[in-house]
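Any read-out appearing in this document is the output of simple, stated calculations on the displayed coordinates, not a laboratory observation. If you're wondering where the values come from, they're calculated on a predicted model, not measured in any experiment. Cβ placement follows ideal geometry from the backbone for every residue including glycine, while neighbour counts extend to all protein chains displayed.
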Amino acid sequence: MSTYWYFECLDHDPPIQSEDEFTQHTDDYPFREGVRLALSRPVPEDWWDRKTLADNYFTAHACRFLANHPTCSLGLLNEYGERRPLSADSSNGASDLNATALDSSSASSVVGSSDAD
C-alpha cells in the first residue's frame, strides 16, 4: 500500500506542510533522495533547470519545498497524520523509521498547506 509522505517545517506554529508528496513509500529511491536532499540543504538554486530533476516527479516536489526552507527544522508527515523525525537514519528505510516514529496523537491532516517560509 502506498502512503504519501510530505515534508513539514517545524519552525512555524502550526508547522507548514509541503503541498506535494515527495514519495509514496519509505523503502524506495524517491524517499531516500528526498531525505538526502533535506539533509544536504540548501538545494541548488537552479534545481528546476536540471534535466534529471525535471524528469523526476517526486524529486521536483521535494526540491520545491526544500528551496523555500533552506535552514528550517524539518520533519516527515504522511497523509494519515503520522509524524517522523528527519535524520540520517531516515534514509535507511521503513525499519529505521518505525523504530523512531513520533507520537502522532496530535497530528493534523495535510490540507491547506503552504510552501512559503
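Using the Karplus relation 6.51 cos²θ - 1.76 cosθ + 1.60 with θ = phi - 60°, the per-residue 3J(HN,Hα) values for region 59-73 come to 5, 4, 4, 4, 4, 4, 6, 5, 5, 8, 9, x, 10, 6, 6 Hz, with x marking Gly and Pro. Backbone amide hydrogens, once placed in the peptide plane, bring Y4 within less than 5 Å of E79, excluding anything fewer than 5 places away on its chain.
Full extension of the chain between D13 and N56 gives 12.4 nm of extra length, using 0.36 nm per residue less the Cα-Cα distance.
The fewest-to-most ranking of R84, R36 by surrounding Cβ atoms within 10 Å reads R36, R84.
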